[in-house]
Amino acid sequence: ILEGYGLTETSPVTNVNTFEHFRIGTVGKPVPGTEIRIAEDGEILVRGPQVMLGYYNNPEATAQAIDEEGWFHTGDIGEIDEDGYLRITDRKKDLIVTAGGKNVAPQPIENLLKTNDYVEQVVLIGDRRNFISMLVVPSFANLEAWAKKQGIEFDDHGALLRDPRVQSFMEEQVLGHLDALARYEQPKKFALLREPFTIEDGTLTPTQKVKRRVVEARYRDLIEHFYDEANHDRTVFTQDDA
């Protein structure tokens, strides 16, 4: 499978890997006649003959999408490597901007953490906040197996997550897995959730993407605990702290 990239507004291809020139994890190089550059905030900009002239009868939307130099603003965040291959990392609307002005793309960090055997789902928090935090749904099958080997008794997921030994173990697993990140990208606090994000409860889209605004609203009280000065020395929380 060779990945490519494009949007309806770009008719629709801007980049593609070919059999002769490909790099796994990227969407390839620009097709002939197409220019790609990355804006200061990380957004992918496209200019070329395949870019639309504008949205029908909507000059305001057109002006927002295409700047005065003819660059189409895709709404995607990405990076171009030294050989010209484009990598998509996130959506601009999901980009976290910390109180210190640092841009943090959540998806790469979330995907990295989900490679840990004890993590099933994760959502980064931190827009306009002093530091990054997280909501984490453990892989309960693996966590329960570990807990039983340690002789930890529990009746349900809530009791399991409240156990100090489990919290200490998950702190090592979660924060230790991310210690190679830049300092401003590293989460300082996180909460362990006993319930997964699902389509049925409205926190996932039909394509299994997290509805970030819905999740943040649902767990607002819990999130506020992360940033309460009274919890300055605390790292791990649970859903029961809300």
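Observations, loosely collected:
- All positions within the range 188-230 that are in a loop (DSSP other than H, G, I, E, B), touching a strand residue (DSSP E or B) at 6+ places or on another chain (Cβ under 9 Å) and of a type in the set (Lys, Arg): Lys188, Arg194, Lys211
- Flag for Phe154 being farther than 20 Å from Lys114 by Cα and under 18 Å from the mean Cα position of the chain (by Cα): no
- Residues that are in contact with a Ser or Thr (Cβ under 9 Å, 6 or more places away or on another chain) and under 15 Å from Gly126 (Cβ atoms), drawn from the range 213-236: Val215, Leu222, Ile223, Phe226, Tyr227
- Arg129 vs. criteria touching a Phe, Trp or Tyr at 6+ places or on another chain (Cβ under 7 Å), at pLDDT 95 or above and assigned to a loop (DSSP other than H, G, I, E, B): yes
- Scanning the range 171-180 for residues being assigned to a loop (DSSP other than H, G, I, E, B) and surrounded by 16 or more Cβ atoms within 10 Å (Cβ to Cβ) gives a total of 1.
- Lone qualifier among Asp81, Asp155, Asp90, Asp127 - being crowded, with 17+ Cβ neighbours inside 10 Å and free of Cβ contacts under 8 Å to residues at least 60 places away in the same chain: Asp90
The values are calculated or read from the model by the stated rules, or taken from the named source; none is laboratory data. In this text the structure is predicted, and so the values were computed from the model without any measurement. Virtual Cβ from ideal backbone geometry, glycine too; neighbours counted across all protein chains shown.
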